[in-house]
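Note sheet for the following structure.
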Amino acid sequence: MKPPIPLAVIGGYLGAGKTTMINALLTNTEGRRITVLVNDFGAINIDAALIRERSDDVIGLENGCVCCSIGGKLMETLIEISARETRPDLLVIEASGVSDPLRIAQVGMLDRAFRLQGIVVAVDAQRIDETLVNAYVGEMARQQIATATAIVLTRTDLLDDVSAQHARARVLEMAHTRIVFEGDQGKVPGALFFSDTAASAPRGFSRSIAPLHVLPTGLRSVTLRSDERFDKRALKSACMSFSDRLLRAKGFARLVDGSCIELHVVGPRWHATPCRDIAHTEIVFIGMIEDEDVQRALAAAPASRTEPACQLREERHVGRHG
Ligand SMILES: [Zn+2]
C-alpha cells in the first residue's frame, strides 16, 4: 500500500488571490513534486495558464463548478493521479471562486488514495465587508470561510492596521479555525502544505458528500476570444461599464501598441500587467451578466479594426446552478 497523497484544497471567493498563493507555493516547493488541479468557472482556464508558467504538472478543469456540474471530471482526474507510477507528494486543487471547497475536499476523501492536508481559504481583506453583504454571493463567501481549516488574508498590505485588524476579526467571527495568516504576495508558511500531520477536519466534514450547493441565480460566464488589438484605456472602461453585475474578469489582451497584458478585474478594481506575447485576446467574464453586456461594452472600445470586435461563446452551466 502506498501512503495516501496529501490533498490541499485552495478556496476563496472570485479574485481573492488563490492563484497567487499557488504560484508562491510553487516557487518554494522544498523539492516536493506538486500536482495542481485548477477549476475555472469560465470556459477558458486563465488560472491554469498562469500556474503553468511555474509548473508543468497542471491539470485544468474548466467550464463549470468542480464540486457540482463537473464533479465527475474531478473524480476521474483524482483516479488518474492516484494511479500514476510516480505519485505527487502533494495535490493542490484550486477551487473556482464560486465552488464549495468543503465539498471538493469531501469528493477527494472518497478516494482512500488521498488524505486531507487542509482547506485553505483566501480572503481579500480589502473587500471582505462588501463581499459578505452582497446579495448574490455573500452567503457563498461566508460558507467558504466557515469551513476552512486555515485562512489566508490577502491584500492586507493595502490596508492600515485598523482595517487589517477589522478584516481579521470579521473572519474569526465566521471561521471555525483559529489559524489566520496574512499572505504577503500569496506567501504562506510551507508547513500549511508540507506538514506530516493532516489538518483537523473542518466542522461538517465527513467521508460522505454534502448536498449540492446552489450557485447564485443568473451567474454566468461569458468568454471573449478575439484577434483584435484593443485600446487599453477603452478596454478598462468597457469592463467598468457593467461592473455592478460583473464579479470578475480575467485574461490576456493584445493592445494596439503591440504589447500584451494580463488583466484582472475584481469588482471595481482593474489591474493590468505586461505579459508575454499572446496569439489572441482571451478574457473570461463572470457575473450576473448577459452576452449583450460584454458585446455592448466592447463595441464601444476602439480596436484595431472596425469589424465586430469580438466573438462570444456562451457557456451554459448545466446541473444545479440555480
Ligand atoms: Zn459547485
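The values are calculated or read from the model by the stated rules, or taken from the named source; none is laboratory data. For clarity, every value in this text was computed on a predicted model and none was experimentally measured. Heads up, the Cβs are rebuilt from the backbone with ideal geometry, glycines too, and the neighbour counts pull from every protein chain shown. Ligands, DNA and RNA are stripped out before the accessible areas are found, and what is left, the full protein with its side chains, is counted by its heavy atoms. Shrake-Rupley method; radii C 1.70, N 1.55, O 1.52, S 1.80 Å.
What spacing in nm lies between the two simple spin-label points modelled at D129 and V256, each 7 Å away from Cα in the Cβ direction?
3.9
Taking every pair of distinct Cα atoms and averaging 1/r, then inverting, what Kirkwood hydrodynamic radius in Å comes out for the chain? Intermediate values should be presented prior to the final figure.
Values: mean 1/r = 0.0500 Å⁻¹.
Computed over the chain, the radius equals 20.0 Å.
Let a ≥ b ≥ c be the square roots of the eigenvalues of the Cα gyration tensor of the stretch 5-194; is it rounded (a/c under 1.5), or, if not, prolate (a/b larger than b/c) or oblate?
Numbers: a/c = 1.73, a/b = 1.46, b/c = 1.19.
Taking the square roots of the gyration eigenvalues as a ≥ b ≥ c, the stretch 5-194 is prolate.
What are the ³J(HN,Hα) couplings of the stretch 131-143, residue after residue, when phi is run through the Karplus curve with 6.51, -1.76, 1.60 and θ = phi - 60°? Round to Hz, x for glycine and proline.
Listing the rounded values in order: 5, 5, 8, 5, 4, 7, 10, x, 5, 5, 5, 4, 4 Hz.
Which peptide among 164-175, 100-111 comes first, and what is the full order, when sorted by highest mean count of other Cβ atoms within 10 Å?
Details: 164-175: 16.7, 100-111: 22.7.
Top of the packing list down: 100-111, 164-175.
Convert each backbone phi in the stretch 88-102 into a coupling constant with the Karplus relation 6.51 cos²θ - 1.76 cosθ + 1.60 (shift: θ = phi - 60°), then list the ³J(HN,Hα) values in order as whole Hz, x for Gly and Pro.
x, 7, 7, 10, 10, 10, 8, 6, 5, x, 10, 8, 9, x, 4
Quick check for the chain: number of Lys pairs with alpha-carbon distance under 24 Å, counting only pairs 8 or more apart or on different chains?
Value for the chain: 9.
Hey, can you grab everything whose amide H is under 5 Å from the amide H of E62? Only 5+ residues off in sequence or another chain; H modelled, so Pro and N-termini drop out.
D40
Suppose R0 equals 22 Å; then what is the FRET efficiency for A272 and R54 from their Cβ-Cβ distance, rounded to the nearest 0.05?
Values: r = 20 Å, r/R0 = 0.92.
Approximately 0.65, to the nearest 0.05.
Helix 71-82 versus the longest principal axis of the chain: what is the Cα-based angle in degrees, 0 to 90, to the nearest 10?
60
Of the heavy-atom accessible surface of the chain (probe 1.4 angstrom), what whole percent is carbon and sulfur? Don't skip to the end; give the middle numbers.
Numbers: 6920 of 13960 Å².
Carbon with sulfur: 50 percent of the solvent-accessible area.
Given labels modelled 7 Å from the Cα in the Cβ direction, how far is it in nm from Q165 to R115?
If labels sit at Q165 and R115, their model points lie 4.0 nm apart.
Separation between the R32 and M75 pseudo-spin-labels, each 7 Å from Cα along Cα→Cβ, expressed in nm?
2.8
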